[in-house]
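Just so it is clear, none of the values below were taken in a lab; they were calculated from the coordinates. Only a predicted model underlies this, so the values are computations on that prediction, with no experimental measurement involved. Here the Cβ positions follow ideal geometry from the backbone for every residue, glycine too, while neighbour counts run over all protein chains shown.
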Amino acid sequence: AQSVTQLDSQVPVFEEAPVELRCNYSSSVSVYLFWYVQYPNQGLQLLLKYLSGSTLVKSINGFEAEFNKSQTSFHLRKPSVHISDTAEYFCAVSEIKAAGNKLTFGGGTRVLVKP
Amino acid sequence: NAGVTQTPKFQVLKTGQSMTLQCAQDMNHNSMYWYRQDPGMGLRLIYYSASEGTTDKGEVPNGYNVSRLNKREFSLRLESAAPSQTSVYFCASSEYGPQETQYFGPGTRLLVL
């Protein structure tokens, strides 16, 4: 079984400042890694995912995450945040050889961007 | 193209009442899922259907039942609601496979008194 830990439940940050959201996972098998974002009063949507290849993956809106196998981490970063990045961010994993796509989520990190 | 739709958006139940949450997707996805979201706990999988005709338990199935009515529709039923089932419920769908992106509906807020 897998588990996902998001170390920060809330992260306040000023507009145009950088932000890092930490995610660590535990699994006895190889996993795929995902970051989902939930804007207020909406469902979740995919931000980015790591399947294979380059350990640095990027989203279209400036976020990036790096897979570190030795530290079992998949931290999310953005060098300069906007007010519109205010949301809750969820890290998730799925077993590579699993049937279907059963995601295990972390507890979430609320990002509040202040002007 | 509506994506994943859920009904109702909000519901209040009394303890012991039953209800069915409806979910439909128009993306021709094989797999569908039901999650519940509680503060600080992220999303937890209740049941999933890897393909039409199959359903399996997730992490927190007790007190729930599901029906994969056809490829488009996946319903979640609470037979006898309890206050512990107060939560926000999300339906999602995806292509078959652990690497696939899940697409989520807007959620149903359920309050059990």
Problem set entry | Principal axis dimensions, chain A - Cα atoms, whole angstrom, descending | 44, 29, 24
Problem set entry | Across A:Lys97/B:Lys9; A:Lys58/A:Lys102; A:Lys69/B:Lys57, pairs whose alpha-carbon gap is larger than 26 Å | A:Lys97/B:Lys9; A:Lys69/B:Lys57
Exercise. Residues with beta-carbon under 15 Å from that of A:Val113, excluding A:Val113: net charge, scoring Lys, Arg +1 and Asp, Glu -1?
Worked result: -2
Problem set entry | Ranked list, fewest to most other Cβ atoms within 10 Å of each Cβ, for B:Met32, B:Met27, B:Met19 | B:Met27, B:Met19, B:Met32
For this session: For the protein assembly as shown, just the Cα atoms, rotate onto the principal axes and tell me the three extents in Å, largest first.
Result: 48, 40, 34
For this session: Go through the range A:42-53 residue by residue and turn each phi into a ³J(HN,Hα) via Karplus (6.51, -1.76, 1.60, θ = phi - 60°); whole Hz please, and just put x for glycine and proline.
Result: 10, x, 7, 9, 5, 9, 6, 8, 10, 10, 5, x
Exercise. What residues have an amide H closer than 5 Å to that of A:Val81, excluding those fewer than 5 places away on the same chain, when H is modeled at 1.01 Å from N in the peptide plane?
Worked result: A:Glu16, A:Ala17
Problem set entry | Average partner coverage of B:95-107, which counts Cβ from other chains inside 10 Å | 6
For this session: Among DSSP beta bridges whose residues both lie in the protein assembly as shown, state the antiparallel percentage, nearest 5.
Result: 90
Exercise. Arranged by the count of other C-beta atoms within 10 angstrom, fewest first, what order do A:Lys97, A:Lys102 take?
Worked result: A:Lys97, A:Lys102
Exercise. Counting Lys and Arg as +1 and Asp and Glu as -1, each charge on the Cβ, what is the dipole of chain A about the Cα centre in debye, to the nearest 20?
Worked result: 300
Exercise. With a sphere of radius 10 Å drawn around the Cβ of A:Asn61, what net charge do the other residues whose Cβ falls strictly inside it have (Lys, Arg +1; Asp, Glu -1)?
Worked result: +1
Problem set entry | Relative contact order (percent, whole number), chain A, Cα cutoff 8 Å, 6+ residue spacing | 38
Exercise. What's the center-to-center distance, using Cα atoms, between the range B:42-61 and the range B:1-18 in Å?
Worked result: 18
Seminar exercise, completed: Counting only backbone N atoms under 18 Å from a point 7 Å out along Cα-to-Cβ of A:Gln71, the residues of the range A:1-28 in range are A:4-9, A:18-27
Problem set entry | For A:His82, A:His75, order by how many other beta-carbon atoms lie within 10 Å, fewest first | A:His82, A:His75
Exercise. What spacing in nm lies between the two simple spin-label points modelled at B:Asn65 and B:Asn28, each 7 Å away from Cα in the Cβ direction?
Worked result: 3.3
For this session: Report the calculated FRET efficiency for A:Ser54 and B:Lys14 (r = Cβ-Cβ distance, R0 = 41 Å), to the nearest 0.05.
Result: 0.15
Seminar exercise, completed: Hydrodynamic calc, chain B: Kirkwood Rh from Cα pairs, then Stokes-Einstein at 20 °C with viscosity 1.002 mPa s, so D in µm² s⁻¹ is 154
For this session: Report the net charge of residues surrounding B:Leu78, where surrounding means a beta-carbon distance below 15 angstrom and charges are Lys +1, Arg +1, Asp -1, Glu -1.
Result: +3
For this session: Write down the Kirkwood hydrodynamic radius of the range A:31-86, to one decimal in angstroms, obtained as one divided by the mean of 1/r over all alpha carbon pairs.
Result: 12.2
